[in-house]
Amino acid sequence: MLTAAPIATRQILQIQDLTVSFDGFKALNGLNFSLDEGELRVVIGPNGAGKTTLLDVLTGKVRPTKGCVLFKGKDLTKLKEHQISVLGIGRKFQTPRIYQNLNPRENLELSLNPHKEVFPTLFGRRDLRDKVDALLETIHLVHKDRIPAGLLSHGEKQWLEIGMVIAQDPDLLLLDECVAGMTDKETEATGELIQSLAKNHTILVIEHDMVFVRQIARKVTVLHQGALLCEGSFEEVKNDPRVIEVYLGSHKRG
Amino acid sequence: MKVLHSPHTPDGITTPAQGLDLSPRNKLLLEAGVLMGVLLLLIFVFPAVLSGFRLNLLGRFLALSIVALGIDLIWGYTGMLSLGQGVFFALGGYALGMHLSLQLPDGRIPEFFSLYGVTELPWFWRPFYSFSFTAIAIFLIPALVASALGYLVVRNRIRGVYFSILTQATTIIFFNFFNGQQRLINGTNGLTSFTTLFDLNINSAEMRFAIYVATILFVALAYVLCRYLTSGLFGRILVAIRDDEPRVRFSGYDPTGFKVLVFAVAAGLAGIAGALFTLQTGIISPNAMSVPFSIEMVIWVAVGGRSSLIGAVIGAVLVNFAKSLLSESFPEIWLFFQGGLFLLVVMVLPDGLVGWVRTQGRQLWIIFQLWRRRLAKTSLA
């Protein structure tokens, strides 16, 4: 079990010796990682570093081969996806995954619903209108709230999915390359949104876009070959010779 | 990007292109009004204009439309393509068939038993003396069988084409089992020669009309039930499960319960349909569990238009009328026609008749409006 006790702030997430192996290939290899409550952390790393696998483990999509993942003191490796979601982890996927045939309003209602079992959903009475309206405002979709979400532009879909994750009111938000395919202006607005969310959520961002990383980052973690390479402020990480080596190395190969 | 599954958006949504811009409440009132109108038409007008023979056919096909509603619920809305609804249909049919077979003077057992030297009524027949038990069993037995089957399959995350194959395999198992049980339920011959229900002759004109009206009321009930399930948040989740089931888990829902519930409801509806159909045809046999019949049911829904409940009813009635008309005049041609229908739906009408009316019909309407305006302009000039 974990021995290192948190000192100043409470740790919301603790990962020890996490290994995920797919037919012998180790996507994550003995990873140690932790997040403080209220932290905004950016995880970077070259392709194949294990960033998305990390999120897969955190959301129950992938079962680890070895290791321990504690979220608010509970072991996530034994829970199913929906249980983890209800426990308070929300995930924004790399490519937007919204319900295309439902409109933004319905997409948000579905995520906002406080009681997600079958019969409360069928018979429960709930008034989510005000919350939906407020969220639509936040994600700038007030005027497109009644068209099928499949017809939104790529950036709008990304925003809608961020809105859906916020609607779940998670304690920990996982954002997987949420500005991919966005215009510069949209990216900047997303950065501001994340900054404001960081005031009362713990956020883990996976990102490739360095301009964006610089905009939002407080503390950066670099993954390489499934393990932790280094951690620190954006400037520290940027100037770390190992990080430069890893990125340039992967560029040479690519 | 994947093209939208269907142009259908669940109720309460009006896009600018639509002509009628009603509030959700008014839309619901309009729908209720139309439903009442259709009911009155079916109960009071059709019996006056159709011959007894055609009216009886209409009654049967309306019974079949109840299965179609269930299929629409699980396939059109939830994305579970079941090729085994015939099983549940037959279970409902058998439940009522057993009750009807037991309308005998005290101490006697249905005649077919003597063929196989059975002298005592098998134990599981006894509860079917009671009409209340039978009425509940018609819905509940198929629903329970579906819950058990559905839970085992869905819990293990078996979906898509694998789900379809499993349901079809189930159909074959049930078919073979029922075919082989001469001593219990008259095997391949099924149950037939029913005479009375509530001590009334079921072949009298009055009773036939009463059964016809009951069928219509059950269609209406089934429609309202499916409408209730597919609207509101519950219905949105069904659509979400259809479009991206893994994503639904990350939204915090366990899809298993939702899928098992609608599968059970669809099975229960199939049971009711089977009972009403048996009452009107006077026979229930393992043929109702044959693979082709279950596939036909899916074709009705595909032709009418899945993800629109009204499409399921229209599809069931139209395809069956086409079948009966065509097989009356050209008995050989029906299967070709059915194959053609299926091709037509796959190639030209992926969303069925109702889906076509929704998309193309609207476009044609716009074109017609433009043409009329142009005509008006030229006549002015």
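The values are calculated or read from the model by the stated rules, or taken from the named source; none is laboratory data. All figures in this text were calculated on a predicted structure; none of them were measured in a lab. Methodologically, a virtual Cβ is constructed for each residue, glycine included, from the backbone with ideal geometry; neighbour enumeration extends over all protein chains shown. The area values use the complete protein model at the heavy-atom level, side chains included, leaving out ligands, DNA and RNA. Shrake-Rupley method; radii C 1.70, N 1.55, O 1.52, S 1.80 Å.
For the stretch B:252-267, putting each phi into the Karplus relation 6.51 cos²θ - 1.76 cosθ + 1.60 with θ = phi - 60° gives couplings of x, 9, 9, x, 3, x, 5, 5, 5, 4, 5, 5, 5, 5, 4, 5 Hz, in residue order, rounded to whole numbers and with x for Gly and Pro. 3J(HN,Hα) couplings calculated from phi for the stretch A:76-83 with the Karplus curve 6.51 cos²θ - 1.76 cosθ + 1.60 (θ = phi - 60°) are, in sequence order, 6, 5, 9, 9, 8, 3, 5, 5 Hz; Gly and Pro show x.
Please figure out what share of the DSSP beta bridges in the protein assembly as shown is antiparallel and state it in percent, rounded to the nearest 5. Expressed as a percentage, antiparallel bridges in the protein assembly as shown total about 60. Pairwise inverse Cα distances across the stretch A:89-203, averaged and inverted, put the Kirkwood hydrodynamic radius at 14.4 Å. Backbone amide hydrogens, once placed in the peptide plane, bring residue A:43 within less than 5 Å of A:205, A:206, A:207, A:221, excluding anything fewer than 5 places away on its chain. Computed on the Cα trace of the protein assembly as shown, the radius of gyration divided by the Kirkwood hydrodynamic radius gives Rg/Rh = 1.07. Sorting B:356, B:371, A:159 on solvent-accessible area from highest to lowest, probe radius 1.4 Å, gives B:371, B:356, A:159.
Dividing the Cα radius of gyration of the stretch A:209-248 by its Kirkwood radius returns 0.94 for Rg/Rh.
In this Cβ point-charge picture (+1 for Lys and Arg, -1 for Asp and Glu), the stretch A:89-203 has a dipole of about 340 debye about its Cα centre. Taking amide hydrogens as placed 1.01 Å from N in the peptide plane, the amide H of residue A:68 sits under 5 Å from those of A:16, A:18, each at least 5 positions away in sequence or on another chain.
Derived value for the stretch A:171-254: Kirkwood hydrodynamic radius 13.9 Å. Basis is the mean of 1/r over every pair of different alpha-carbon atoms.
Looking at chain A, I'd like the Rg to Rh ratio, where Rg is from alpha-carbon atoms and Rh is Kirkwood's inverse mean 1/r. Taking Rg over the Kirkwood Rh, I get 0.97. The 1.4 Å probe gives accessible areas that order B:347, B:36, A:210, largest first, as B:347, B:36, A:210. Against chain B, whose longest principal axis is taken from its Cα atoms, helix B:52-71 shows a tilt of about 80°. Annotation: per residue accessible area for the stretch B:24-380 equals 47 Å², rounded to a whole number [probe 1.4 Å, protein chains only]. State the antiparallel share, in %, of DSSP beta bridges confined to the stretch A:71-225, rounding to the nearest 5. Within the stretch A:71-225, antiparallel bridges account for around 10 percent of the total. If you model chain B as an ellipsoid using its alpha carbon gyration tensor, with each semi-axis the square root of five times an eigenvalue, the axes come out at 39, 26, 19 Å, biggest first. Shape summary: the stretch A:30-166 maps onto an equivalent ellipsoid whose semi-axes, from the alpha-carbon gyration tensor, are 29, 20, 13 Å in decreasing order. Rounded to 0.05, the FRET efficiency of the residue B:43 and residue B:365 pair, given R0 = 30 Å and the Cβ-Cβ distance, is 0.45.
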